[in-house]
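Accompanying notes for the structure given below.
The values are calculated or read from the model by the stated rules, or taken from the named source; none is laboratory data. Computed from a prediction, not measured in an experiment: that's the story for all the values here. In case anyone asks, the SASA skips ligands and DNA or RNA and just uses the protein heavy atoms, side chains included. Shrake-Rupley method; radii C 1.70, N 1.55, O 1.52, S 1.80 Å.
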Amino acid sequence: MTGERGQGSDGFCLDEGTFRLGCQLLVQHSRALDDGWSWEEVQGSEEGFLKKTVLAVGRTGDPPAQGGSSWPWDDQDTLRPEEDQVLQDKDVEEADGDEEHADSDKASVIRYEYHVLYSCSYQAPVLYFRASTLDGRPLSLEEMWDNVHPNYRTRLLQGPWDTITQQEHPLIGQPFFVLHPCRTQEFMTPVLSAARAENRSVNYIVSWLSLVGPVVGLGVPLSYATACQPGVDTPE
C-alpha cells in the first residue's frame with residue numbers, strides 16, 4: 001500500500017490509511033511475540049490508537065520521588081513482569097546492569113503506558129505516554145525528565161526531543177506526556193529518503209517508533225523491522 005502524498009515539502013507526511021495498516025502489521029507481529037501491543041477502539045467513534053503497557057522495576061525513593069531512576073533501561077533482569085520489553089540499544093543494557101540497582105531496597109514497580117495516535121493536522125503519528133507507581137501516584141513532568149537514562153538525557157534536551165510536554169489525551173481525555181509531532185517530518189525525512197533511494201518498502205510506524213521509543217523508555221525489537229514490512233511502501 002502506498003501512502004498518499006502529504007503536504008510537506010518532501011512529501012513524507014503519512015496518510016491515515018497507511019498509519020492504520022502500519023499499526024495493524026505491528027499488532028500482528030506483537031501477537032506472535034506476545035509483547036503487549038494492541039489496537040484500542042474508542043467507543044462510539046471510528047477513532048483508535050496503539051497501546052502498550054510495561055511494568056518495570058525502578059528506584060523511586062520516598063514520595064514525591066524526585067530524580068529517582070525508573071526507566072525500563074535500568075535493569076533488564078527485573079523488567080517486564082507483564083511484557084517482554086526488548087531494548088534496541090544493547091550497549092545501554094550491558095552498561096547498566098547491577099550498578100544501577102545497588103540500592104534495591106528503594107526499588108518499586110513502575111507502570112509505563114504508551115499510546116500511538118494519528119494526527120490529521122500534522123499527518124504524522126504521535127507518541128503519548130505516562131508513568132505511575134502501582135499505588136496510582138503519577139510521575140510529574142520533572143520526574144519524567146529526571147528519570148530519563150543519562151545516555152539519552154543530552155539527546156532529549158536537543159531538538160527534536162525538546163518538544164515533550166504534558167497535555168490532555170485527545171481521545172480519552174486524561175493527562176499524558178506527549179512528544180509533539182511538529183518536527184516528526186524533520187527526522188523521518190532522511191529515513192524515508194534513504195528507503196526510497198534504495199527502492200525498498202518500510203513500515204513508517206515501525207521506523208518512527210524505533211527512533212522515538214527508546215528515548216522515552218520504549219524499546220522496539222529488531223524483528224519488527226523485517227516482519228512488519230510486507231505491503232507497506234515508503235510514502236511518496
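Numbers below:
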{"quantity": "Computed over the range 108-151: relative contact order in percent, which uses C-alpha pairs under 8 Å that are six or more apart", "calculated": "32 percent"}
{"quantity": "5 angstrom amide H check on Gln123, placed H, neighbours 5+ away", "calculated": "none"}
{"quantity": "Heavy-atom accessible area order for Glu40, Glu113, Glu186, largest first, 1.4 Å probe", "calculated": "Glu186, Glu40, Glu113"}
{"quantity": "For Phe12, distant residues with modelled amide H under 5 Å away", "calculated": "Gly6"}
{"quantity": "Exposure rank, largest accessible area first [His115, His180; 1.4 Å]", "calculated": "His180, His115"}
{"quantity": "Karplus-derived 3J(HN,Hα), 6.51/-1.76/1.60, for each residue of the range 184-196, Hz, glycine and proline x", "calculated": "4, 4, 4, 8, 8, 4, x, 5, 6, 5, 5, 5, 5"}
